[in-house]
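Let me begin by presenting the structure, written as structure tokens, before commenting on it.
Every number here is computed from the coordinates shown, using simple stated rules; none is lab data. Quick caveat: nothing in here was measured; it's all calculated off a predicted structure. Here the Cβ positions follow ideal geometry from the backbone for every residue, glycine too, while neighbour counts run over all protein chains shown.
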Amino acid sequence: MTSREYVRRYFSDSARQWLARAYDDVEETAAYPVGAQRTRLALEGVVDRLGTAQGHLVDLGCGGGNLALHAVDLGFRATGVDLAEGMIAEAEARRAALVPDARDRVSFRVADVLETGLRTGSADAVTAIGLVEYLAADEPFLAETARLLRGGGVLVVSCRNRLFNATSGNDYTREEIETGSATGLLEELATLRPDRAVVPLLGEVVARLREALPGLERALAKDAASEGARVARSSPVFGQRRRQHSPAGFAAAAAAAGFRHPRFFGVHPHVLSPALEAVAPRFYNRFAAALEPLESAPVSLAWSSAFLAVFTR
Ligand SMILES: C[S@@+](CC[C@H](N)C(=O)[O-])C[C@H]1O[C@@H](n2cnc3c(N)ncnc32)[C@H](O)[C@@H]1O
């Protein structure tokens, strides 16, 4: 089976469980609600850069359509593209529940992101969230997004963050050391030192923590009741290697394809050791969510297991 076929089958067969794990409340799934954070950041990034919530947004690797449907709520027309029939079936079910005006402004199609069948220059914004780690290479993907976008259009991409390998203290760290690439990561990390702009964001974290305390207490009690055992995974494990990027590495590949003005956001914070997640997953992930106000600070790229990049074509 090719790796593309493996990806198609995995997401088609586990579509419902995958979406529940990525989007459901952390107390239900014990997993970080990464889907909600990525969708919010991506749409904020698009609207902020475009200066409007109008136009055509294409979401590549759209999964169950969450981002495209939110985009329609904001005022965009949206097209979602995904290889996995099971994901598109979930997206179509959600589309069918919309009021007619909204339903007419969104469509979904089963296709490879490199063969979307969409017109050159037909997109004002392209988003690709949780996608590039499953592709064989960046260049064909970046060339295709450059083709789809009009000049001045916005690209938002999320990537698994290699910089986090320098601080996570796990097998990824060992591999970066053994292959001699850890020094380069540390050099990139050294460019991310915070300045005074981080102080108000820390104030927001304090406010979030105050609000989060009752939920943190409940989460810890639930973790304690499950005797610290690993919570059963609610979707099958993706059994193949997924690619990672560093922010500077991805920006260089994007620049070669004509994308400018990169801006990065940290996604899925891991400020406490990731080893704690196995023992107290609900507490760990709820605590992490309280740190989201720091996502716009460059230093957050040191502890976030993913990042989101915004570019202008
Ligand atoms: C991790 S999921 C993310 C789904 C969605 N973007 C979200 O954030 O909720 C990745 C999605 O990319 C799709 N995908 C992976 N490779 C693809 C390809 N070559 N063409 C189209 N879709 C692809 C998968 O089928 C899957 O639905």
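Remarks
- Positive-end residue, the chain charge dipole about Cα centroid, Cβ charges, pick of V156, V47, A89: V47
- Highest mean first, the peptides 116-127, 270-281, 91-102, 63-74 sorted by other C-beta atoms within 10 Å per residue fall in the order 63-74, 116-127, 270-281, 91-102.
- With Cα atoms as the point set, the radius of gyration and Dmax of region 250-313 evaluate to 14.5, 45 Å.
- Extreme residue, positive dipole direction of the chain, given options A182, A20, V237 (C-beta unit charges): A20
- Shown is the FRET efficiency for L186 and V271, computed with R0 = 22 Å from the Cβ-Cβ distance and rounded to the nearest 0.05: 0.75.
- About its Cα centre, region 65-104 has a charge dipole of approximately 100 debye under the convention of +1 per Lys or Arg Cβ and -1 per Asp or Glu Cβ, with nothing else charged.
- In nm, spacing of pseudo-spin labels at E115 and Q17 (7 Å Cα→C-beta vector): 2.9 nm
- Cα-centred dipole magnitude for region 119-172, charges only on beta-carbon of K, R (+1) and D, E (-1), debye, nearest 20: 180 debye
- HN-Hα J in Hz across region 156-169 - Karplus 6.51, -1.76, 1.60, θ = phi - 60°, x for Gly and Pro: 10, 10, 9, 9, 6, 9, 5, 4, 5, 4, 6, 10, 6, x
- Gained length - L74 relative to D195, 0.36 nm times residue gap less alpha-carbon distance: 40.2 nm
- Taking N as the residue count of the chain, its C-alpha radius of gyration divided by 2.2 N^0.38 Å amounts to 0.99.
- The modelled label-to-label distance for the pair R4/D25, using points 7 Å beyond Cα in the direction of Cβ, is 4.1 nm.
- Loop-resident sites, region 221-313, for chymotrypsin sites (Phe, Trp or Tyr not before Pro), counting at most 11 other Cβ within 10 Å (DSSP): none
- Global form of region 172-309, assessed from the alpha-carbon gyration tensor, a/c cut-off 1.5: oblate
- Projected over every direction and averaged, the convex hull enclosing the alpha-carbon atoms of region 70-205 yields 12.3 nm².
- Peptides 168-180, 36-48, ordered by how many other C-beta atoms sit within 10 Å of their residues on average, highest first, read 36-48, 168-180.
- Given +1 at the Cβ of Lys and Arg, -1 at the Cβ of Asp and Glu and no other charges, the dipole of region 53-127 around its Cα centre is 200 debye to the nearest 20.
- Computed lengthening from L98 to H261, 0.36 nm per intervening residue step minus Cα-Cα distance: 55.1 nm
- Other residues within the sphere of radius under 12 Å centred on the Cβ of Y10, judged by their own Cβ, net out at +2 (K and R +1, D and E -1).
- Helix runs (DSSP H) in the chain reaching 30 Å along axis by Cα, Kyte-Doolittle at least 0.5: 198-225
- Tensor-based shape of region 144-217 (alpha-carbon gyration tensor, a/c under 1.5 rounded, otherwise prolate or oblate): oblate
- For region 1-151: rounded, prolate or oblate by the Cα gyration tensor [a/c cutoff 1.5]: rounded
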